[in-house]
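Peer 1: One structure follows; several queries about it will come next.
Just so it is clear, none of the values below were taken in a lab; they were calculated from the coordinates. Note that the coordinates shown come from a computational prediction; the quantities given were computed from them, not determined experimentally. So basically every Cβ, Gly included, is an ideal-geometry build from the backbone, and we count neighbours across all protein chains shown.
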Amino acid sequence: MNDKKTPIPQLEGQTCFACGTANPIGLKLKFYRSGDAICTDIRLERSYEGWTNMAHGGIISTLLDETMSWTIIYFKRVFFVTRKMEVKFIRPILVEKPLTVRGRLLDSPDDLRIKAKADIMDNQGNVLARSTGEFVVLQEEKLSSVPEDMKKEMSALFEKFPPS
């Protein structure tokens, strides 16, 4: 695997819980490309705890969903929504420990459905949780609920990514 970490530009000032820079309680994830994967590194604070010392399952699912989403944003450059995802919790994910979340594209059945996978690993490379997801590309007529300024910002962001 290519260990080079190429930072991915993101939108500033958004309130997305996972990647927004303007959400005071959000995760503020920053992504980078490493070979054919999109990754983020994080150390979860105690405020994201479920059972004592363990990350809440909803936070784990959020990390996986957001990483798969940024994998699609980067490689496919389309507007989409998560249709479904399956999460397998393999080992406890402890708070206040370094984690890496890695996403990759999977073979997709057609141009309107995209499949991706993501893993959460500890700093020894042990997989702690994994997911697969199916995402649906939004056609122009389905984008009416997306504000025009957001469409413009995302389209401009797509253009900042180098050709895949």
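Peer 1: If you take every residue apart from Phe161 with its C-beta less than 11 Å away from the C-beta of Phe161, what net charge results, scoring Lys and Arg +1 and Asp and Glu -1?
Peer 2: Values: positive: Arg33, Lys76, Arg77, Lys160; negative: Glu159.
Charge balance in the 11 Å sphere: +3.
Peer 1: Here's another thing I want to ask about it. Please give the Cα centre distance for segment 1-67 versus segment 93-164, rounded to the nearest Å.
Peer 2: 11 Å
Peer 1: For the peptides 102-108, 122-128, 44-50, what is the packing order when you average, over each peptide's residues, the other Cβ atoms within 10 Å and list the highest mean first?
Peer 2: The packing order, highest mean first, is 102-108, 44-50, 122-128.
Peer 1: Using the Cβ atoms and a cut-off under 13 Å, what net charge is assigned to the surroundings of Cys16, where Lys and Arg are +1 and Asp and Glu are -1? Don't skip to the answer; put the middle values down first.
Peer 2: Numbers: positive: Lys28, Lys30; negative: Glu12, Asp65, Glu66, Glu153.
Here the count lands on -2.
Peer 1: If you wrap a convex hull around the alpha carbons of segment 91-164, what volume per residue comes out, as a whole number of Å³?
Peer 2: Working: hull volume 12.5 nm³, N = 74.
Enclosed volume per residue, from the Cα hull, is 169 Å³.
Peer 1: Leaving out same-chain residues fewer than 8 places away, which lysines sit with a Cα under 30 Å from that of Lys151?
Peer 2: Lys5, Lys28, Lys30, Lys76, Lys84, Lys115, Lys117, Lys142, Lys160
Peer 1: Another question about this same structure. List the aspartates and glutamates whose Cα sits under 20 Å from the Cα of Lys152, skipping any in the same chain fewer than 8 residues away.
Peer 2: Cα-Cα hits under 20 Å: Glu12, Glu140, Glu141.
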